[in-house]
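To start, the structure under review is shown below, and the notes come after it.
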């Protein structure tokens, strides 16, 4: 009886050990199959991308992320999907992918690229200064992130170049509104817009006209001292400008520009003379 009991006990132990080992092998096999499946789907997505079917490729890249979200392939799939959408002008799809990437994969080595592509999605939708400023503001936001947080990258260099164009666009928007109010003889709103150009966009092509209009408008509403200050600022930066000649003619014949120390750097002069209006 005792021998039978021993035999039964040993049989149970051996059986249990055998089952556990078998189960462990099955688990490893499943993990391997999942990774293999994920790589196959990624390759399918790349094939569709190269064929130009970015919509189907985007769906396949999304499958990669769902199959194996913790792998290096998941983040790559999101960026590839975003680039595919961007390359064909599907900006909304690309923006959705990139915004999700930056939240889900914080501090990723390719975050700079994600910000750059996101900035371009908005930048490429800029039409002109009369349109909605939303795309301009968002493009500016992401280019500034690249310039400030990734200053040594090639994306930062290109961002600096594109920011010059954005600055011109934003200044032209202010100029458009300023002229709009000027034509309707709404002096105060017009003055406010021209001042914005002087204070925030003094490196753009609109600065000379903005200064002249401030001379003109302040003189018109009786603030001669203010008009003279803006004429002084215009004269010392753009003395040969036709806008300065027009401003000079507005003021009475007794007016003469005040003498100040000559400074070669225009930007320095502008900042210095802005203190007159504080």
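The values are calculated or read from the model by the stated rules, or taken from the named source; none is laboratory data. Keep in mind it's a predicted model, so treat the numbers as computed, not measured. Reconstructed Cβ throughout: ideal geometry from the backbone, glycine too, with neighbour counts over all protein chains shown.
For the reader, a short list of remarks on this structure follows.
- Residue among 185, 174 that alone is outside any helix (DSSP H, G or I) and at pLDDT below 95: 185
- For region 96-110, residues that are part of a helix (DSSP H, G or I) and surrounded by fewer than 19 Cβ atoms within 10 Å (Cβ to Cβ) total 6.
Yes or no, residue by residue, for (1) at negative phi; (2) in contact (Cβ under 8 Å) with a residue 12 or more places away in the chain:
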| site | (1), (2) |
| --- | --- |
| 145 | yes, yes |
| 154 | yes, no |
| 160 | yes, yes |
| 163 | yes, yes |
| 170 | yes, yes |
| 174 | yes, yes |
| 179 | yes, no |
| 185 | no, no |
| 190 | yes, yes |
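- In region 120-171, the residues that are in a loop (DSSP other than H, G, I, E, B) and within 29 Å of residue 211 (Cβ to Cβ): 126, 127, 128, 129, 130, 131, 132, 133
- Filtered residues of region 40-82 (kept if surrounded by fewer than 19 Cβ atoms within 10 Å (Cβ to Cβ) and either under 25 Å from residue 135 (Cβ atoms) or within 19 Å of the chain's Cα centre (by Cα) (or both)): 55
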